[in-house]
Amino acid sequence: MQTPDYPVRVEAAPAVEASRGMWLVKWLLALPHVIVLFFLWVGVVVVSVIAFFAILVTGRYPRPLFDYTVGVLRWSWRVQYYAYTVLGTDRYPPFTFEDVPDYPARLHVDYPEHLSRGLVLVKWWLLAIPQYVVVALLSGWSTTHTVQGTDYTVQYPGLISVLVLIGAVILLFTATFPTPLYQLVVGLNRWVLRVSGYALLLTDDYPPFRLDMDQAAQPTAPPPAPPSPGTTG
């Protein structure tokens, strides 16, 4: 169960039914979101620089900039949940910054009325280093190797990618993503997103070194069909 009082709250609801093979083409279906999010994250970088100086001077993260950053983080989580970071739903993510209450992946960040002006100088790089090491192991990392004068970038998959691949293969043959595996994947993503919120200066609360498993242990069963006309109880 996730930490209830941490400012970055990540919610997820597993699908009752999932397509066996849709994950094979989600890379193509998610491409429009990936393109849009690329430019939105460029905006997040600019916003974070502005917010850094605003916090340093005033101790506050300007609310419009805060809402933009949270919106991009929320949008990204929906796309990640749909695609290869979770494969938690076949429902296509909406193109919006806003919270969508009936979408199975949601993210909320409490707006801080005050942030430390001194902490902003060190939290996003120095204090967050231990968390970055964990996130690299979970999400993957890349290194550059030089061979005969030519640089090659090698991408190493993280634990999340490995687990999702295992779940995808099981899904292909059984039409079911195992619940314990789903819980673990969502918990790992929740850890990464909490660190992201901290690194983006959205909170001064240090992310806990704890794997918070997903609250939804089992898929929610669909509501019973209404009785047909003329049926008596």
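The values are calculated or read from the model by the stated rules, or taken from the named source; none is laboratory data. Quantities reported herein were computed from a predicted structural model and do not represent experimental measurements. Glycine also receives a Cβ, built like all others from the backbone with ideal geometry; neighbour counts cover every protein chain displayed. Accessible surface is based on the protein model in full, side chains and every heavy atom, while ligands, DNA and RNA are left aside. Shrake-Rupley method; radii C 1.70, N 1.55, O 1.52, S 1.80 Å.
What do you reckon, is residue 16 farther than 26 Å from residue 120 by Cβ, exposed (fewer than 14 other Cβ atoms within 10 Å of the Cβ), in contact with a Ser or Thr (Cβ under 9 Å, 6 or more places away or on another chain) and among the β-branched types (Val, Ile, Thr)? Step through it out loud before you land on a result.
On the way: farther than 26 Å from residue 120 by Cβ: yes; exposed (fewer than 14 other Cβ atoms within 10 Å of the Cβ): yes; in contact with a Ser or Thr (Cβ under 9 Å, 6 or more places away or on another chain): yes; among the β-branched types (Val, Ile, Thr): yes.
Yes: the conditions hold for residue 16.
Read through the list (1) at pLDDT 95 or above; (2) in contact with a Lys or Arg (Cβ under 8 Å, 6 or more places away or on another chain); (3) open to solvent by 10 Å² or more (accessible area, probe 1.4 Å), then give the number of the only condition that residue 8 fails.
For residue 8, the failing item is (3).
Sort through 85, 96, 144 and tell me the only one that's more than 20 Å from residue 7 (Cα to Cα), assigned to a loop (DSSP other than H, G, I, E, B), free of Cβ contacts under 8 Å to residues at least 40 places away in the same chain and β-branched (Val, Ile, Thr).
Details: 85 fails: free of Cβ contacts under 8 Å to residues at least 40 places away in the same chain; 144 fails: assigned to a loop (DSSP other than H, G, I, E, B).
It is 96.
Which condition breaks for residue 111 when tested against (1) more than 30 Å from residue 179 (Cα to Cα); (2) open to solvent by 50 Å² or more (accessible area, probe 1.4 Å); (3) not in a helix (DSSP H, G or I)?
Every condition holds for residue 111 apart from (2).
Being of a type in the set (Lys, Arg), touching a Pro at 6+ places or on another chain (Cβ under 8 Å), open to solvent by less than 50 Å² (accessible area, probe 1.4 Å) and at pLDDT 95 or above: is that true of residue 78 here?
Values: of a type in the set (Lys, Arg): yes; touching a Pro at 6+ places or on another chain (Cβ under 8 Å): yes; open to solvent by less than 50 Å² (accessible area, probe 1.4 Å): yes; at pLDDT 95 or above: yes.
Yes.
Do you know which residues across the stretch 48-64 are open to solvent by less than 40 Å² (accessible area, probe 1.4 Å) and either farther than 19 Å from residue 123 by Cα or polar (S, T, N, Q) (or both)?
Matches in the stretch 48-64: 48 only.
Please count how many residues of the stretch 114-151 are among the hydrophobic types (A, V, I, L, M, F, W, C), surrounded by 12 or more Cβ atoms within 10 Å (Cβ to Cβ) and at pLDDT 95 or above. Even if it seems obvious, please write down each step before you answer.
If we filter the stretch 114-151 for residues that are among the hydrophobic types (A, V, I, L, M, F, W, C), which is where we start, we get 115, 119-122, 124-129, 133-138, 141, 147.
Add one more test, that the residue is surrounded by 12 or more Cβ atoms within 10 Å (Cβ to Cβ), and what stays is 115, 119-121, 124, 127-128, 134-138, 141.
Keeping just the survivors that are at pLDDT 95 or above gives 115, 119-121, 124, 127-128, 134-138.
Residues that pass the stated criteria total 12.
Does the stretch 158-168 contain at least one residue that is over 30 Å from residue 7 (Cβ atoms), open to solvent by less than 10 Å² (accessible area, probe 1.4 Å) and at pLDDT 95 or above? I'd like the intermediate steps shown before the answer.
Pass one, the stretch 158-168, residues over 30 Å from residue 7 (Cβ atoms): 165-166, 168.
From what's left, open to solvent by less than 10 Å² (accessible area, probe 1.4 Å): 168.
Still in the running and at pLDDT 95 or above: 168.
Taking every residue of the stretch 158-168 in turn, at least one turns out to be over 30 Å from residue 7 (Cβ atoms), open to solvent by less than 10 Å² (accessible area, probe 1.4 Å) and at pLDDT 95 or above.
Looking at the stretch 147-165 only, could you name the residues that are in contact with a helix residue (DSSP H, G or I) (Cβ under 7 Å, 6 or more places away or on another chain) and either farther than 30 Å from residue 186 by Cα or part of a helix (DSSP H, G or I) (or both)? Break it down stepwise before answering.
Let us first name the residues in the stretch 147-165 that are in contact with a helix residue (DSSP H, G or I) (Cβ under 7 Å, 6 or more places away or on another chain), namely 158-160, 163-164.
159, 160, 163, 164, listed by residue number.
Would you confirm whether any residue within the stretch 99-108 is part of a helix (DSSP H, G or I) and either open to solvent by less than 20 Å² (accessible area, probe 1.4 Å) or at pLDDT below 95 (or both)? Walk me through it before giving the result.
Taking the stretch 99-108 as the starting set, the residues that turn out to be part of a helix (DSSP H, G or I) are none.
No: the stretch 99-108 contains no residue that is part of a helix (DSSP H, G or I) and either open to solvent by less than 20 Å² (accessible area, probe 1.4 Å) or at pLDDT below 95 (or both).
Those residues that are part of a helix (DSSP H, G or I) and of a type in the set (Phe, Trp, Tyr), I need them from the stretch 38-67; list them, please. Walk me through how you get there before you give the answer.
Going through the stretch 38-67, the residues part of a helix (DSSP H, G or I) turn out to be 38-58, 63-67.
Across the stretch 38-67, the qualifying residues are 38, 39, 41, 52, 53, 66.
Among the residues of the stretch 169-182 satisfying the criterion of being modelled with pLDDT under 95 and among the β-branched types (Val, Ile, Thr), which is farthest from residue 21 (Cα to Cα)?
179
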